[in-house]
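The structure under discussion appears below in the form of structure tokens.
Derivation of every value follows stated rules applied to the coordinates shown; laboratory data play no part. All values derive from a computational prediction rather than experimental measurement. Note: ideal-geometry Cβ built from the backbone for every residue, glycine included; neighbour counts use all protein chains shown.
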Amino acid sequence: MDKDTILRLVAEVPDHDGFPLVDDLHARFDALAAAHPDRVTVTRIGTSRLGEPLNAYRVGAGSHTAVIVGGVHPNEPIGSWTALHLATTMAEDPDTAAALDTTWHIVPTIDPDGMRLNEAWFHDPHDRVFYSRHFYRPAPDSQVEWTFPNSYKSVYFDQVLPETLAFMRLIDDTEPDLLVSLHNGEMGGVYYYLSEDLPDVIDVLHAVPAALGLPLDTGEPESPFLRELAPAVFAMDGIEEAYDYLEELGVDPGEHIHGASSASWALRHGALCMVAELPYWSHPDADDQTPTDESYADLLRRCADELGASGTELQEILDTASPMLTIETPFLEGSRAFIPMLVSTPETDHARADREPADRMATVAERFGCEDLVRCFRLRYGGMLLRALEAETTAGTASAPLRRLRDRLAERYALWQADAVSDAAPIPVRKLVGVQYGAILACASHVAEPTRASRPRLVTTNQPGGS
Ligand SMILES: [Zn+2]
């Protein structure tokens, strides 16, 4: 399938208001399967921690195999529409399906329990303040994406979640040529992770956002050790690179690295792995290479200190609240994992800053990226701690001191909300889905090429990242 065809298909992606609720998403997939019993087969692959069946939908019967999984981070629902649009196209458009000659195994959402805790903002993803106030991201050890088995130097991880086990079995049963776990970012521009340096694919990965008028994210990368294959396209290097980088920096990697990603598992089968990271809001600064008058080292230190100060404030509230809390919510579990990370991350950033040459000026894109990460983390994790405390005030189990603590946090949070209002532009959902869909088509086209070499086996790497 050539680039023009992919761009045409991307332009046909329909628009939506917001994102589908979990039940709605499942109902749409079931309706598709019922309408095309000859093309779509449903297989139960596991059970969520709260008892919900996890289904994979097999679409088509091509000679290549692709596994596409949504909800690997349940706060990232762009993939819900992408998965549905992909399944619908492959079931109902015989020409497109034939061109890619692929059997698709599509999981609409692998973590329905976590996704339901985000549903309150799905009808309006364009208001960042509302979004953050109703945001939920599982603690790292409760994320499907980062709980695949891992063993490297001092790190040994085998606390595989039931959802992750289902995902592992799907990969092992299908031995995919292509794995796409459906992620998205939040603010700025479009970027990607790709497990192989493929110029033909990268060309399309750049062309699709350009055709839709979306900027690439060329500022501060999500992790400092990332290897850039092309602008806004990063290698899906292994957790080994992250570990060695932190070790060399003098930071204990064991505190930051736990499980591996789905890509690390699929690479054992020689799969091409791709992740597309899309923001809900774009900002012109995200792709502005103009130098600022602040050195990059000073920028890192300034943002690290701001993040550390907010983390310390949240930690103090959490510590004071802890003896009074009686309800073990996912919000509390997440707060107990993320808030200490906000407190400890500045140490890493200061160590990085000390190595940067003093005369290297930060670009506008880097400044935007660093400053916005502070805004993002305050809103996300302040909001989750608020939800943890409000579980007690709503249930009637909160003492008066706990209620006052909740009010104090709400007051602080309102200031962070006011600080987060910016001139960022909401992106229409059809464009976000279009980028993810186009990226999948580009990778599937590459995999379907007769010239693609026989697949390497048992390579163990994975991708870093927090989006
Ligand atoms: Zn993610």
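Structural remarks
- Among the GluC sites (Glu not before Pro) in the stretch 271-334, those placed in a DSSP loop whose Cβ has at most 16 other Cβ atoms within 10 Å are Glu328.
- Antiparallel DSSP beta bridges within the chain, percent to nearest 5: 55
- Rough spin-label spacing in nm, given labels placed 7 Å along Cα→Cβ, for Glu333 and Thr43: 2.8
- Between the amide H of Thr109 and those of Gly70, distances stay under 5 Å, these residues lying 5 or more places away or on another chain, with hydrogens modeled in the peptide plane.
- Of the DSSP H helices in the chain, those whose Cα atoms cover at least 24 Å axially and whose Kyte score averages -1.0 or more: 296-321, 330-353, 364-395, 400-420, 429-448
- With the simple spin-label model, which puts each label point 7 Å out from Cα in the Cβ direction, the Asp244 to Asp4 separation comes to 4.5 nm.
- Near Glu294, the amide H atoms lying under 5 Å from its own belong to Ala362; only residues 5 or more places off or on other chains count, and H is placed 1.01 Å from N.
- Centre separation in Å (Cα based) which lies between the stretch 329-383 and the stretch 93-172: 23
- Cβ-to-Cβ counts within 10 Å put Cys443, Cys376 in ascending order as Cys376, Cys443, the fewest first.
- Between Ala61 and Ser223, the C-beta separation translates, for a Förster distance of 45 Å, into a calculated FRET efficiency of about 0.70.
- Rel. contact order, % - alpha carbon contacts under 8 angstrom, at least six apart, the stretch 35-76: 32
- Listed peptides 99-106, 149-156 by packing density, highest first (mean Cβ within 10 Å): 99-106, 149-156
- Taking every C-alpha pair closer than 8 Å and separated by at least 6 residues, the mean separation divided by the residue count of the stretch 286-421 gives a relative contact order of 40 percent.
- Rounded Å value of the spacing that divides the Cα centres of the stretch 389-433 and the stretch 275-327: 16
- Kirkwood Rh (inverse of mean 1/r, distinct Cα pairs), the chain, angstrom: 22.7
- When the helices of the chain are scored as -39500 (n - 2.57) per DSSP H run of n ≥ 4 and the total is divided over every residue, the value at 222 nm lands at -15500 deg cm²/dmol.
- For the chain, the relative contact order comes to 22 percent (Cα pairs under 8 Å, sequence separation of at least 6).
- Restricting the calculation to Cα atoms, every distinct pair contributes to the Kirkwood radius of the stretch 301-367, found to be 13.8 Å.
- For the chain, with +1 on Lys and Arg beta carbons and -1 on Asp and Glu, the positive-most of Met187, Pro199, Ala358 along the dipole: Met187
- Normalising the Debye intensity of the stretch 286-421 to I(0), with uniform scatterers on Cα atoms only, and taking log10 at q = 0.13, 0.17, 0.19, 0.22 Å⁻¹ returns -0.60, -0.87, -1.01, -1.23.
- Neighbourhood net charge (11 Å Cβ-Cβ; Lys/Arg +1, Asp/Glu -1) for Arg227: -4
- Cysteines (scope the chain) whose Cβ has no counterpart Cys Cβ under 4.7 Å: Cys273, Cys376, Cys443
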